[in-house]
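**Student:** Quick one: structure below, then a few questions.
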C-alpha cells in the first residue's frame, strides 16, 4: 500500500515519473485488473520507500541537533 498520491506529492517527489507511469497504466482497466501494472507499482513503491528513508534520516539528524541545543540550554540554565 502506498500513501495518497495527490498533486502536492507528485510535484515535489523525485518519484513523479513512476507515479505518472502507474497512473497511465491504470487508464487501461484490463492491465489494471490482470496485474499488468504491477511492475510500475513495485518500482513506484521502491522509489517512495527510498524517499521515505532519506526523509527519516534527515529528520533524525535534525532531532539530534535540536536535542544538543536543548541540552546546552538546560545546562546553561541550571549552571547559573
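The values are calculated or read from the model by the stated rules, or taken from the named source; none is laboratory data. Keep in mind it's a predicted model, so treat the numbers as computed, not measured. Cβ coordinates were reconstructed from backbone atoms using ideal geometry, including for glycine residues, and neighbour counts include every protein chain displayed.
**Student:** Tell me, please, whether a residue that is more than 15 Å from residue 14 (Cα to Cα) and surrounded by fewer than 10 Cβ atoms within 10 Å (Cβ to Cβ) can be found in region 35-50.
**Tutor:** Within region 35-50 (the criterion being more than 15 Å from residue 14 (Cα to Cα) and surrounded by fewer than 10 Cβ atoms within 10 Å (Cβ to Cβ)), the answer is yes, since at least one residue qualifies.
**Student:** Could you say whether any residue in region 16-29 is surrounded by fewer than 10 Cβ atoms within 10 Å (Cβ to Cβ) and either within 17 Å of the chain's Cα centre (by Cα) or at pLDDT below 90 (or both)? Steps first, answer last, please.
**Tutor:** Going residue by residue through region 16-29, those that are surrounded by fewer than 10 Cβ atoms within 10 Å (Cβ to Cβ) are 27, 29.
Remaining after also requiring either within 17 Å of the chain's Cα centre (by Cα) or at pLDDT below 90 (or both): 29.
Scanning region 16-29 turns up at least one residue that is surrounded by fewer than 10 Cβ atoms within 10 Å (Cβ to Cβ) and either within 17 Å of the chain's Cα centre (by Cα) or at pLDDT below 90 (or both).
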